[in-house]
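Structure first, commentary second.
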Amino acid sequence: MKKPSAACVGSPELRDFLAGTLRGFSLKYYPSAAAFLKAPPARGLAVVEASLPDMAGRDLVAVLRGDRKTAGLLLVLVGGGPYSPAAAALSLENGADEYFSFPPDSTLFRARLLNLLGRAAPGARLPEKPAEYSFGALRISPEARAASVGGERVRLTALEFDLLLYFLRNQGRVASRTVLLEQVWKLGTEAGTRSVDKRIEALRCKLGRFGSKIRTVFGLGYIFKL
Amino acid sequence: MNPRPRVLVIDDEPDYLRIAARIASKAGCAVVTAPAALPGVELAEKSPPDLVLLDVGLPDISGFEAARRMRRIPALARVPIIFFTVRSELDMVSEGLKLGAAGYVLKPFDPDELLRRIKAAVFPA
């Protein structure tokens, strides 16, 4: 019987881990996104490290998922550092089928991947983007552009919703008022940083007990941490 | 003391130009900017930078073509280029990386990610 194939895109450490864990697989190694994109496989498993020398692993996953030729790959992202639910959620949102932090528990890693491979029969439907972010009682649906706390709809303006989504997608990162103006308002700095403060205050109020998760970082801007 | 590395940012969108320039300054670099590819190539030829941050969809010629032109200029043949672009199609990414790009960053970008890539390119370990 033909061995299942797996591609490793990342560091030699990841390759060594996979060689030990995915016994029985035919493993091909690519040290960079450029090497992998020369002739990416259409099927099988690709384990991608979050930080590649030439691209963010998350970006590579989004690119592969978005292309007809490679959309059928099973994509697993492996991040560095301690496991972060936010990084995992973001990876799945970008099209990854699974997310682990390195080094994952080898038994669990193997079992999960075998499960995934078992489900991915040819022609199987591609995984859809999660329709909703859920953090305890806080739920946000990017597609429906709706947010709720404890089942109660939070009425946000379009701008407040975009602001909340920006924070969700950049959890744990300090966002300066100027960056928020540029990335959420899309206006450059003409709107003035005071309008950022006012809108954040409004968002905090509307989010109730989750409002305090948007913290002010003195002299820098804001950070959203759940 | 070594002079600060010079980064040339080429982008036609003023917002991205400003953000990328600010991140490059934060990385400890001196920044020069160009709003289109041809003036960018000209600037690079006059005074070769240590890194080029290059958008792909530019009004005059594409970022890829600009990269090819820079590669043909001996003083710019080995200057690292990081593409930063909204173009996330596999063929585009593949073409950019085939041009020998040091990085390919999708917009909207994570500022920390861009900062890391700039530092890695101008201060290699």
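No value in this document is a laboratory result; all are computed from the given coordinates. Keep in mind it's a predicted model, so treat the numbers as computed, not measured. Virtual Cβ from ideal backbone geometry, glycine too; neighbours counted across all protein chains shown.
Below is a table of values for the structure above.
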| item | result |
| --- | --- |
| Average other protein chain Cβ within 10 Å of Cβ, residues B:92-99 | 5 |
| Euclidean distance between Cα centres, the stretch A:192-208 to the stretch B:37-99, Å | 39 |
| Shape category assigned to the stretch A:5-119 from the gyration tensor of Cα positions, a/c cut at 1.5 | rounded |
| Listed residues B:M70, B:M92, B:A121: farthest to the positive end of the dipole of chain B (Cβ charges) | B:A121 |
| Inter-chain shielding of A:53-64 (mean C-beta neighbours from other protein chains, 10 Å cut-off) | 6 |
| For q = 0.11, 0.27 Å⁻¹, Debye-computed log10 I/I(0) when each Cα of the stretch B:1-67 counts as one equal scatterer | -0.22, -1.18 |
| Estimated D of the protein assembly as shown in µm² per second, where Rh is the Kirkwood radius over Cα pairs and Stokes-Einstein applies at 10 °C, 1.306 mPa s | 73 |
| Ordering of A:135-148, B:72-85 by packing [mean C-beta count within 10 Å, highest first] | B:72-85, A:135-148 |
| Positive-end residue of A:F224, A:A158, A:N170, charge dipole of the stretch A:133-224 with Cβ unit charges | A:F224 |
| Relative contact order [Cα under 8 Å, 6+ residues apart], chain B, whole percent | 24 |
| Surrounding net charge for A:S106, when Lys and Arg each add one and Asp and Glu each subtract one, Cβ distance under 13 Å | +1 |
| Most mobile listed residue (A:A158, A:A56, A:A175) in chain A, GNM with C-alpha springs under 10 Å | A:A158 |
| Largest-first principal axis extents of the Cα set of chain B (Å) | 42, 32, 28 |
| For chain B, built as a Gaussian network whose Cα springs stay under 10 Å, the top-fluctuating residue of B:A67, B:A101, B:A24 | B:A101 |
| Cα long-axis angle, helix A:57-66 against chain A (0 to 90 degrees, to the nearest 10) | 80 |
| Förster radius 30 Å - calculated FRET efficiency between A:L108 and A:K186, Cβ distance, rounded to 0.05 | 0.10 |
| Label point distance in nm, A:R23-A:S5, each placed 7 Å from Cα along Cα→Cβ | 2.4 |
| Net charge dipole size for the stretch A:133-224 [Lys, Arg +1 and Asp, Glu -1 on Cβ; Debye, nearest 20] | 240 |
| Estimated distance in nm for a label pair at A:A144 and A:R209, the labels positioned 7 Å out from Cα along Cα-to-Cβ | 2.2 |
| Among A:K198, A:K213, A:K28: highest mean-square fluctuation, GNM of chain A, C-alpha pairs under 10 Å | A:K198 |
| Too-long pairs where the Cα-Cα distance tops 28 Å, listed order kept, from A:K225/B:K107; A:K198/A:K225; A:K28/B:K98; A:K38/A:K225; B:K46/B:K119; A:K38/B:K26 | A:K38/A:K225; A:K38/B:K26 |
| Average Cα contact separation per residue, the stretch A:138-180, under 8 Å, 6 or more apart, as relative contact order % | 23 |
| Contact order relative to length of the stretch A:133-224, as percent, for alpha carbon pairs under 8 angstrom and 6 or more apart | 27 |
| For the stretch A:144-151, 3J(HN,Hα) per residue [Karplus equation, 6.51 cos²θ - 1.76 cosθ + 1.60, θ = phi - 60°, Hz, x = Gly/Pro] | 7, 6, 10, 10, 9, 10, x, x |
| Kyte-Doolittle at least 0.0, axis length at least 30 Å by Cα - qualifying DSSP helices, chain B | none |
